[in-house]
Every structure is written in structure tokens, then in C-alpha cells.
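What follows is a set of notes on a single structure, which appears directly below.
The values are calculated or read from the model by the stated rules, or taken from the named source; none is laboratory data. This is a predicted model, so every value here is computed, not measured. Methodologically, a virtual Cβ is constructed for each residue, glycine included, from the backbone with ideal geometry; neighbour enumeration extends over all protein chains shown.
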Amino acid sequence: MRSPSRGAFTLVELLVVIAIIGVLIALLLPAVQSAREAARRSECKNNLKQLTLAMLMHENTHNALPSGGWFGQWLGDPDRGFDKNQPGGWIFNILPFVEEQQIRDLGTGLTDRQKWPVYQERDQMALGMMNCPTRRQPNPYPNDQGHTPFNSRRSPFHARADYAANAGDVHYLETYVVSALASKRDFDQVLSAPNWPQKLSWTSGIVTSGTPVPLRAISDGASKTYALGERNINSNNYEDGHEHGNDWSMYCGFQDDIVRSTYYFDDGSGYPESRVPVQDTPGLDFEDRFGSAHPGGCHMSFVDGSVTMISYDIDPEVHRQNGHRADGGEPRGGTEDLGPF
């Protein structure tokens, strides 16, 4: 006997199959996205781990954590060491400890003018470990503001980092260096400037302008003091240089492209001022705060090398204390600003 033949799918059956496939895709897609974000978070966390360990290797070699450099319009110079004479910031100073000695050495032995085109090219050299994969790729991004450093030519593109060092409990992040150095455009002027470099007693973070911080100055303990963290960036400006805190090369000196604040002050008026971390948001600029593209929080490393995710809802006083290297866990007291300016 011949077996009965099976006809084609009916339209109703085909629609049911399509609907089932659609439901399965809808169920799987969030899980896939979540897994990808988990992988990106893990990579970002590892970046901060390696960068913090590089800072500790710097300390082991030079008896202090890396300096924050000079005013932000100066770039790192391979012939000027690792102390107050070095205009470059913490990223430039840890290059030998993240296997990028060749980048730090670019321009070695040349005259100041001969170094300008070399620095112009160096400004564009991105490093994978300096960028959070959730936010953006390690590419050079346009110098839309046309910034020109004091010791280099203008570069059309900048390599930018997504991580910043802890400048501590400081109200206005760049006020000190702007007041002390903004008009100083040659090496001798900077090194002879009054009230510069900063005294440690005028600072509270682990990276300062011109003064490397020794581990002994972190009296609150390495496991209780921030070293580095992700920095907040307006998500509209990831790939351009229009935001104030995202407009210079990562090889520059002390400014909000590479350092951030943990400031908090409550004068009892009902309007406390805080620098708690903020998630990247379209149209919102928080150039002095930590933050990230991750939902829920941003990664922060501590001086001992540990890395954790800090909630955007962290208590602002706890965040402030984590940024202060030597407050003994006590609430803020005295005036809001440190130093002579």
C-alpha cells in the first residue's frame, strides 16, 4: 500500500512557526546582550587592575606614585624624568610599566623643537587598555577644539583614555594648576613659579600636580583609598572632542581628561555639593566626576590593586572619604579648598 503524502504547511502553521521563532529570539537577545556586557565589564575591570599595578610598579621603582604632571596644555617629555620636572601626567609616566616604553621614549635626545612633530604623532597613538569596551574603541578621536600644547604642534587627532586618577577631595579640579601655571609657557617659567609644585599638605588625592605621592602619605590605607576609576563622559561626545573633559590627548598633564574629584560638602543649607559617580548620559557634562557607560555603577580601583564596582547611589560622604588619602575616616572639616589659591 502507498503511504499518504504530506502536503505543504498551511499559512496558519507557517505564521505559528514564525511567531515561535520570534518569541525565542526575543527571549535570547537580552541574555546575549547581558553576556556581552558582562564580558565587557570584565575587560574594563581588568584594564583598571593592570593600570593600578603599573602605578605600584612605578612606586617601587621611583619611590612614589606617578605625578599628575603640569598644567594640561603640556605633554609628556621623555627627557625630563618622573618627578616635578616631568610635564606629562600619570598615563605618560606609567607607560614603561604597561609594556609601552617605546611610546614614552619617542623624541628622546631631540631638541625641544625637533620633538614637536614627534609629539604630534604620539598624541594619536591609542592603547587598548586605556578604553572601556562598553564605551568606545581605542581609536584616535578628532581634535575638534583645535587644541595646541605649549610644547608641541597641534595634532588633528587625540588618543583618549576612559580612566582617570583620583585627585581627591578637591572642589574645583583645575583651579590650582590654572592659577599657578596657565601663563607659564616655557620650562623655566614653570619650575620657578611661586607656590608650585603643590605641597602634599595642600592635596588629598593620590595624583597631584608636580608632586609625586609616596605610599607613606596614604595614612588611611591602600585598601581604603581610590587609585583610579572610570570617568564620566557625555555619551553624545564619545567620538569627538566637544566636551571640556574629553578634549585633550591622554599624554597631557594635570587636568580633567585624566584626573577626577570625589568632593562633597554639606554646609547645612539643604543644598550639599557632591561629586558622586554619574552614568554617561546624552547631553550631560560632568567633567570633574567619575562615572561610566555601565548600568548600575562604575569601576574604581584602590591603591592596593583591588577593583570593585561603585554604585551610582553611593553615599557621597563615603565616596569623598574613599578619595581622601589621609582624613582618618572623619567627616570634612575646615575650609573647602586647599593651598594658596
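Observations
- For Pro30: the one exception among (1) at pLDDT 95 or above; (2) more than 19 Å from Val303 (Cβ to Cβ): (1)
- Qualifying residue in region 138-157 (condition: buried (at least 24 other Cβ atoms within 10 Å of the Cβ), modelled with pLDDT of 95 or more and under 17 Å from Leu51 (Cα atoms)): no
- Every condition in (1) surrounded by fewer than 17 Cβ atoms within 10 Å (Cβ to Cβ); (2) touching a residue at least 24 places away in the same chain (Cβ under 8 Å); (3) more than 23 Å from Arg231 (Cα to Cα) holds for Tyr119 except the one numbered (1).
- Of the listed requirements (1) over 16 Å from the mean Cα position of the chain (by Cα); (2) surrounded by 24 or more Cβ atoms within 10 Å (Cβ to Cβ), His242 misses just one: (2).
- A Cβ distance below 6 Å, combined with a sequence gap of six or more or placement on separate chains, defines the contacts here; from region 288-314, residues that are on the phi > 0 side of the Ramachandran plot reach residues that are surrounded by 24 or more Cβ atoms within 10 Å (Cβ to Cβ) and part of a strand (DSSP E or B) in the pairs Gly291/Cys298.
- Sole residue being touching a Pro at 6+ places or on another chain (Cβ under 8 Å) and on the phi < 0 side of the Ramachandran plot, chosen from Ser235, Ser219: Ser235
- Scanning region 176-225 for residues that are among the polar types (S, T, N, Q) and surrounded by 23 or more Cβ atoms within 10 Å (Cβ to Cβ) gives Thr203, Ser204, Thr208, Ser209, Thr225.
- Complete set of residues in region 253-291 that are under 30 Å from Arg185 (Cα atoms) and among the acidic types (Asp, Glu): Asp256, Asp257, Asp285, Glu287, Asp288
- Test result for Asn166, farther than 22 Å from Glu317 by Cβ, polar (S, T, N, Q) and out of contact with any Asp or Glu (no Cβ under 6 Å at 6 or more places or on another chain): no
- Hey, Arg135 at pLDDT 95 or above, within 17 Å of the chain's Cα centre (by Cα), of a type in the set (Lys, Arg) and surrounded by 15 or more Cβ atoms within 10 Å (Cβ to Cβ) or not: yes
- Taking every residue in region 69-85 that is over 10 Å from Pro197 (Cα atoms) and pairing it with any residue that is crowded, with 16+ Cβ neighbours inside 10 Å and of a type in the set (Ser, Thr, Tyr), at least 6 positions away or on another chain, the pairs with Cβ-Cβ distances below 6 Å are Leu75/Tyr119; Leu75/Ser152; Leu75/Tyr251; Gly76/Tyr251.
- Candidates in region 179-223 are the residues that are among the aromatic types (Phe, Trp, Tyr) and in a helix (DSSP H, G or I); of these, the one that is nearest to Met309 (Cα to Cα) is Trp202.
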